[in-house]
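Some notes on the structure that comes next.
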Amino acid sequence: MVLLTRKIEFAASHLYNNPKFSAEENRRIFGKCNNPHGHGHNYTLEVTVEGEPDPVTGMVLDLKELKEILEREVMQRMDHRHLNYEVAELAGQIPTCENVARVIWQLLEPKITRGRLHRVRLYESADLFADCYRNGAGAAGKP
Amino acid sequence: MSGALKIEIGRRYRFSASHRLHSPHLSEEENCRVFGKCNNPYGHGHNYVVEVSLSGDADPATGMIANLADLDAFVGRQVLDDFDHKSLNDDVPAFRDKVPTTENLCIEIYQRLKSFPKAKLERIRVQETGNNSFEYAGENLEGDRR
């Protein structure tokens, strides 16, 4: 099995606020991420696909095809958008790195039909990221 | 769907420390041969990067596996306060009789962080320089220790 990873970047804004909490609780739990006017990040997304190289093309899947899937499913939905207000799949959820990574997995998984989605890693900053993968697959030592 | 998925959060921390690789079980000559310039008697230092990976279910109320403020405070208390701008050989008791290689540093940091109460520690990765990094995930290196 071979793993291939494609990286894309998108810029988006968000804020953390749970309407069930009081204003004070929201501030205490979410800190500066609770700023009502939101804030933004340059997100880096690494999408890893697993599979056997096709004997004729030598490819697990055509990177062009993966690029188009990422453009359609992620860039058009999230790039230069407000994650709280403009992404239907995140409605009602706090757009933490964990939740955004899971939503991206759920968007991509059914679209990747050559090879199989192995891991989604979403960096919110250089020092914070979330990984999403199939339970039991393990992430140690993976790219 | 989400029951079939595993989510981890990875957080990076930095500290600067000095060390010297030297084993009392080896002769001077052997130490010099095995550890090379890392055996310089006065030690040397690195800017270490520690990557902490945690897993768990995101709390539906907060969307978080663990509140980063809790994690930052815990890592600060358990690791950074003791390691940053210190000599690993002289200031960290665990390395009085253990060579402070980054392998051993990974294990020491894992031991110090595994009791984090809010989520499960999956693994520790320590980058000694841009070219060297080491990982420890407890005794099962598959990282699959559900």
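Values in this text are rule-based calculations from the coordinates and carry no lab data. On a predicted model such as this, the values are computed, not experimentally measured, just so you know. Heads up, the Cβs are rebuilt from the backbone with ideal geometry, glycines too, and the neighbour counts pull from every protein chain shown.
Work out the P(r) tail for the protein assembly as shown: percent of alpha carbon pairs separated by more than 36 Å, whole number. Mind showing how you got there, number by number?
On the way: 10632 of 41616 pairs.
Within the protein assembly as shown, distances greater than 36 Å cover 26 percent of Cα pairs.
Seen from all sides and averaged, what is the projected area of the convex hull of the Cα atoms in segment B:1-81, in nm²? Could the numbers behind the result be given before it?
Details: hull surface 33.6 nm².
The orientation-averaged projected area of the Cα hull of segment B:1-81 comes to 8.4 nm².
Restrict the search to segment A:6-36; then list the trypsin sites (Lys or Arg not before Pro) that DSSP places in a loop and that have at most 11 other Cβ atoms within 10 Å of their Cβ. Please list the in-between numbers first.
Values: sites: A:Arg6, A:Lys7, A:Lys20, A:Arg27, A:Arg28, A:Lys32; in loops: A:Lys20.
Within segment A:6-36, the qualifying trypsin sites (Lys or Arg not before Pro) (loop, at most 11 other Cβ atoms within 10 Å) are A:Lys20.
Compute, for segment A:2-69, the length of the dipole vector about the Cα centre, with Cβ point charges of +1 (Lys, Arg) and -1 (Asp, Glu) only. Units Debye, rounded to 20.
On the way: 8 positive and 10 negative charges, 118 e Å.
Computed about the Cα centre, the dipole is about 560 debye.
With only Lys, Arg, Asp and Glu charged, each at its Cβ (+1 for the first two, -1 for the last two), find how big the charge dipole of chain B is about the Cα centre; round to the nearest 20 debye.
Numbers: 19 positive and 23 negative charges, 40 e Å.
Rounded to the nearest 20 debye, it is 200 debye.
Which whole-number value in Å³ per residue fits the convex hull of the alpha carbons of segment A:82-143? Can you show the working numbers first?
On the way: hull volume 6.7 nm³, N = 62.
So the per-residue hull volume is 109 Å³.
Once you have all Cα-Cα distances for segment B:1-137, histogram them in 10 Å bins from zero and send the whole-percent values.
Percent of pairs per bin, in order: 11, 39, 28, 14, 6, 1, 0.
Calculate one ³J(HN,Hα) per residue across segment A:23-36 by plugging θ = phi - 60° into the Karplus curve 6.51 cos²θ - 1.76 cosθ + 1.60, and present them in order as whole Hz with x for glycine and proline.
Taking θ as phi minus 60°, the curve returns 4, 5, 4, 4, 5, 5, 6, 9, x, 6, 5, 8, 3, x Hz for segment A:23-36.
Computed over the Cα atoms, what is the radius of gyration of segment B:60-146 divided by 2.2 N^0.38 Å, N being its residue count?
Numbers: Rg = 14.2 Å, N = 87, 2.2 N^0.38 = 12.0 Å.
Normalised by 2.2 N^0.38 Å, the Cα Rg of segment B:60-146 equals 1.18.
Just the number: Rg to Rh for segment A:1-123, Cα atoms, Kirkwood Rh, two decimals. If you can, show how the numbers build up before the last one.
Values: Rg = 16.9 Å, Rh = 15.7 Å.
My calculation of the ratio gives 1.08.
Could you give the DSSP H helices of chain B that reach 15 angstrom or more along their long axis (alpha carbon positions) and whose average Kyte-Doolittle hydropathy is no lower than -0.5?
B:102-113
Any idea how far the Cα center of segment B:61-114 sits from the one of segment A:72-143, in Å?
29
Mind putting a number on the dipole of the protein assembly as shown about its Cα centre? Charges go on the C-beta only, +1 for Lys and Arg and -1 for Asp and Glu, and I need it in Debye to the nearest 20.
Working: 38 positive and 43 negative charges, 79 e Å.
Result for the protein assembly as shown is approximately 380 debye, rounded to the nearest 20.
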